[in-house]
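Colleague: Quick one: this structure, given as structure tokens, is what I'll be asking you about.
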Amino acid sequence: MMKSVSFILLLTLTVACGKGGSGGGGSSEAEAVAPSLVGLTPEKVVSGSKVPEAAQTFETSGVDLMSMSAKQEAKMKKALEVIRLVIATEEFRKKVLNHKFLGKKTFVDNGGLTNAEIYQKILEGAEKFKLSKNNTMDMGVEMYSDSSNTVGYTYPSATQIWVNTKYFNAYTAAGVAHNLMHEWLHKLGFKHSATANASRPFSVPYAIGYIMMDIGKDFL
Amino acid sequence: MKTLILSFTLLSSFSALATQEYTPGSEGVPSEARLATAHSCFKELADLGCGHPREDVNHFKSCLDQNLENLTSSCKTFAKRLYGQD
């Protein structure tokens, strides 16, 4: 019994301290900043009537599509293109900056960040497991099949997300973009309530996922 | 016993799922009218030499700026909403 418990504890500590573990020291890579992000501040994000350059240079090329059929890959690539195109729009910037909860410009479970800081964090693309402000969405994507009402999921320490084919197959590329954005926002460190309550739709992953899907419909 | 409790606590903190649950309307299906407007406007802009934002978003936006007043009313509304042209 004690040997089993000790093994579990040792395994847990190994996971925690490994690359990508949420309790670990993070990546040892030097932090690289994409050129279009240099000088970008929340104040600059809010000012002006046009999107910052980083919104136009944002890339999804860091997404690794794992073990997919050609058809699944084609749909995923279309969804990633939707994400890139939507982030380059002024409408996306406005909707994120002006998002409200109970009449106040804020998101639920915002990690102490303002809407402008959240928008900047999206453009920076610095996932918790990578810490590099490379202006790029980086993560692995794997498919799975399940009859539950879970569209997709990830773990805090994982570098990839999992997408349920039950919904993937029925969704448009805008719907898939919605799910990818939602899970990627978890990779940036944003959370939401595990249970469905009145405020969860106003959390960063849910609310910005919806924004992505809504604007994404114009790029189908 | 303390070790057991600590193990389970640590395990649960790292195995906590972050999920998206299905909600009706999350399929991302646009109305036919919306789809038609988007396709029509992107074609109108492509015919004016603007291409499509997927090819070169900077060129597209610059071209849109120059041709905004030449667009049909519905396309102008569509483009202003997406790209915030003044």
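No lab work stands behind these numbers, since they all come straight from the coordinates. Every value quoted in this text rests on a predicted model; they were computed, and no experiment measured them. So basically every Cβ, Gly included, is an ideal-geometry build from the backbone, and we count neighbours across all protein chains shown.
Colleague: Compute the Cα gyration tensor for segment B:44-84, then decide on rounded, prolate or oblate, letting a ≥ b ≥ c be the square roots of its eigenvalues: rounded whenever a/c is under 1.5, prolate when a/b is larger than b/c in the other cases, and oblate in all that remain.
Modeller: Prolate, because a/c is 1.5 or more and a/b exceeds b/c.
Colleague: Related question: Based on DSSP H runs of at least 4 residues, each adding -39500 (n - 2.57), what is the mean residue ellipticity at 222 nm of chain A after dividing by all its residues, to the nearest 500 deg cm²/dmol?
Modeller: My calculation for chain A gives -12500 deg cm²/dmol from helical runs alone.
Colleague: Averaged across B:26-38, how many Cβ atoms of other chains sit within 10 Å of each residue's Cβ atom?
Modeller: That average works out to 5.
Colleague: Please work out whether segment A:83-214 counts as rounded, prolate or oblate from its C-alpha gyration tensor, where a ≥ b ≥ c are the square roots of the eigenvalues and a/c under 1.5 means rounded, while otherwise a/b larger than b/c means prolate and anything else oblate?
Modeller: rounded
Colleague: Now, a different point. Per residue of B:43-55, count partner chain C-beta atoms within 10 Å of its C-beta, then hand back the mean as an integer.
Modeller: 1
Colleague: Continuing with this model, one more query. What helices does chain A have that are whole DSSP H segments, at least 18 Å long along their own axis by Cα, and with mean Kyte-Doolittle hydropathy of 1.6 or more?
Modeller: A:2-17
Colleague: Per residue of A:152-164, what is the mean number of Cβ atoms on other protein chains within 10 angstrom of that residue's Cβ?
Modeller: Counting Cβ atoms of other protein chains within 10 Å of each residue's Cβ and averaging gives 3.
Colleague: R0 = 35 Å: FRET efficiency of B:LYS80 with A:ASP64, Cβ-based, nearest 0.05?
Modeller: Efficiency, rounded to the nearest 0.05: 0.45.
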